[in-house]
Amino acid sequence: MITNFFIPELNNHDVQELWFQQDGATCHTDRATIDLLKDTFGDRLISRFGPVNWTPRSCDLTPLDYFLWGYVKSLVYADKPKTHDHLEDNICRVIADIRPQMLEKVIENWTSRLDYIRASRDSHMPEIIFKM
């Protein structure tokens, strides 16, 4: 997917300042994958074994982790799709229906999480806010 879709799509955009972040899951950190991402992003890669290491056992900081996957999953499976086509249609519909206002709230929440982390100076954060 990275080679056939992601990298070619990046070539259509100005990504000189773009950072790539992924969690430290073992399936995401195969040496070939990390090497490909390093070739593409250089020092702007946040990942296990990347130039900027993903913090072990870190809380979910990315909007994909704390918002998108759970939100999409809850709506995609609401009508219990029985076929691959039905599932794919649900995914496309749910993603297409996400409104810019919702994404703005997600980004506001994300920046408040980052501010909280900066203020905590990497200490334990049991009271981090998980609300939208």
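For the range 66-125, which whole-number percentage of the solvent-accessible area (1.4 Å probe, protein heavy atoms only) is attributable to carbon and sulfur atoms?
Summing carbon and sulfur atoms, their accessible area is 59 percent of the total for the range 66-125.
Which net charge results when you count Lys and Arg as +1 and Asp and Glu as -1 among the other residues whose beta-carbon is under 15 Å from that of residue 82?
Overall, the nearby charge balance is -3.
For the peptides 26-39, 78-91, what is the packing order when you average, over each peptide's residues, the other Cβ atoms within 10 Å and list the highest mean first?
Result, highest mean first: 26-39, 78-91.
The values are calculated or read from the model by the stated rules, or taken from the named source; none is laboratory data. Bear in mind the structure is a predicted one, so any value in this text is a computation, not a measurement. Cβ: placed from backbone, ideal geometry, glycine included. Neighbour counts: every protein chain shown. Just the protein is used for accessible areas: all its heavy atoms, side chains included, with ligands, DNA and RNA removed. Shrake-Rupley method; radii C 1.70, N 1.55, O 1.52, S 1.80 Å.
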